[in-house]
1. Looking at this structure, is Ile292 surrounded by fewer than 18 Cβ atoms within 10 Å (Cβ to Cβ) and either more than 15 Å from the chain's Cα centre (by Cα) or not aromatic (Phe, Trp, Tyr) (or both)?
2. Would you confirm whether any residue within segment 72-84 is outside any strand (DSSP E or B), over 29 Å from Glu146 (Cα atoms) and either acidic (Asp, Glu) or at pLDDT 70 or above (or both)?
3. Just give me the residues in segment 190-211 being under 25 Å from the mean Cα position of the chain (by Cα) and within 22 Å of Ala247 (Cβ to Cβ), in sequence order.
4. If we keep just the residues of segment 176-223 that are closer than 20 Å to Arg145 by Cα and aromatic (Phe, Trp, Tyr), which is surrounded by the most Cβ atoms within 10 Å (Cβ to Cβ)?
5. Mind listing whichever residues of segment 368-386 are of a type in the set (D, E, K, R) and either touching a residue at least 60 places away in the same chain (Cβ under 8 Å) or part of a loop (DSSP other than H, G, I, E, B) (or both)?
6. Could you check, for segment 348-356, whether at least one of its residues is outside any helix (DSSP H, G or I), under 24 Å from the mean Cα position of the chain (by Cα) and surrounded by fewer than 13 Cβ atoms within 10 Å (Cβ to Cβ)?
7. The conditions are (1) under 26 Å from Gly251 (Cα atoms); (2) open to solvent by less than 60 Å² (accessible area, probe 1.4 Å), and Glu173 fails exactly one of them. Which is it?
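The values are calculated or read from the model by the stated rules, or taken from the named source; none is laboratory data. This structure is a prediction, so every number in the text was calculated from the model and none was measured. In this analysis, Cβ positions are derived from the backbone assuming ideal geometry, glycine residues included, and neighbour counts consider all displayed protein chains. Accessible surface areas use protein heavy atoms only, side chains included; no ligands, DNA or RNA. Shrake-Rupley method; radii C 1.70, N 1.55, O 1.52, S 1.80 Å.
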Amino acid sequence: GLVGSEMCIRDSARGITESMISTFASYNGLRVLSSSTIYYSEKTNMTDQAIRNEYGVNFIIRGSMQVMGKNARLNLEISDLKIGEIVETKKRDFILDEIFKVQDELSDEILTELQISLGVGSGQGSNWANDYNSMKDFNLFLNWREEWRTFTKSGYINSTRMFEELKLSYPGETRPLLVIEAWQLHQKVLLGLSKSKEKDLNRLAFILDRAIELDPTSRDAFAARSIIGLRLLDRNCELSLIDIGKAEEIGSTVDTLTIAGYVYERCGDIKSGIEALRDALLLVPNDTGWFITRNLVMSLYKDNQIGEIYKLIGEDIEAEDIPARVLALYAFLAQQDGNIRIAKKYLERAKKNNFDKKRFERQFNSEQQGLLEKTINGLSKLGSLE
């Protein structure tokens, strides 16, 4: 899993660099190094590998500008530091008077490609882009998704604000906005923020059905009803498996496969759940926030595939933002092996990354309570879990 689409931008024109930083920073799923860090790395001739190790950067955009009279040519190359190759090149000829227009156009173009191909998968991203009337709205939607995926109270507050802003541009009843509202209500209820739970659940049931009624070809709506129905609306596994099956028939995406991972496991088929999550990771090179990876690690643990966890995470266990639940599992496994010093180190890191015991416990269903108890008991021997 990648830590994030963090990138370093180098080019000969400081104005173009600053413009790109500003554009890329508008999307929460990309973390961009500051211009001072970028120019320092340039000045000290840091190698690509050193930049990657020092700053956790995965991509570098390098550029050069050739000027002859009033004519100019801008060349950009995007390098993926993980594979050590140039993965994209851009070339634009223009007259110097148009430099600001060209730099904005190129920044938007690259941002769109990075958002879609790296962050959400090309099929899903292109499909979503068609739901919105402008790049600004699409960007707002993607930022909503990033905030929602933190699954915290502050994330809920921020994502609600973005949802309300989107509604201003789409005042009528639309399937994309109904699906977003369903996810907001789902999170509101699960985080215990509902003032009237019954009212929220009734609205939830209505809008999920309504979204499918408005667009019977919406995989997002079927996938949402599949998991939310199972979690909150007393829909049984038979109905949820039909819904996720329809979503997959319409076309697998990163999100439908991630949801399928949960639904299959919850309905007793953990192997299919693991397979769906592995397929989701194949579709998206950049698992922002480790959203899919952390779910896959938990499923592998519950299926006793410990070796596969180590293989999946590898050296990424040293990443600063590795999820707390993954660190907690590493702490438990080290404790079981008698490596107490290392186990305590992992637990401390998990707590530093906001380990939440209740949230961890929610990952286990009623049939997995024995494993949960064993895990919590092992972790408690290492120190306080609060």
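1. When the stated conditions are applied, Ile292 does not pass them.
2. Among the residues of segment 72-84, not one is outside any strand (DSSP E or B), over 29 Å from Glu146 (Cα atoms) and either acidic (Asp, Glu) or at pLDDT 70 or above (or both), which makes the answer no.
3. Leu190, Leu204, Ile207, Leu208, Ala211
4. Only one residue fits best here, namely Phe222.
5. Across segment 368-386, the qualifying residues are Lys381, Glu386.
6. Taking every residue of segment 348-356 in turn, at least one turns out to be outside any helix (DSSP H, G or I), under 24 Å from the mean Cα position of the chain (by Cα) and surrounded by fewer than 13 Cβ atoms within 10 Å (Cβ to Cβ).
7. (2)
Condition check ((1) in contact with a strand residue (DSSP E or B) (Cβ under 6 Å, 6 or more places away or on another chain); (2) surrounded by 23 or more Cβ atoms within 10 Å (Cβ to Cβ); (3) in a helix (DSSP H, G or I)) across all residues:
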position	(1), (2), (3)
Ser240	no, yes, yes
Gly245	no, no, yes
Glu249	no, no, yes
Ser252	no, no, no
Asp255	no, yes, yes
Gly261	no, yes, yes
Gly268	no, no, no
Ser272	no, no, yes
Ala276	no, yes, yes
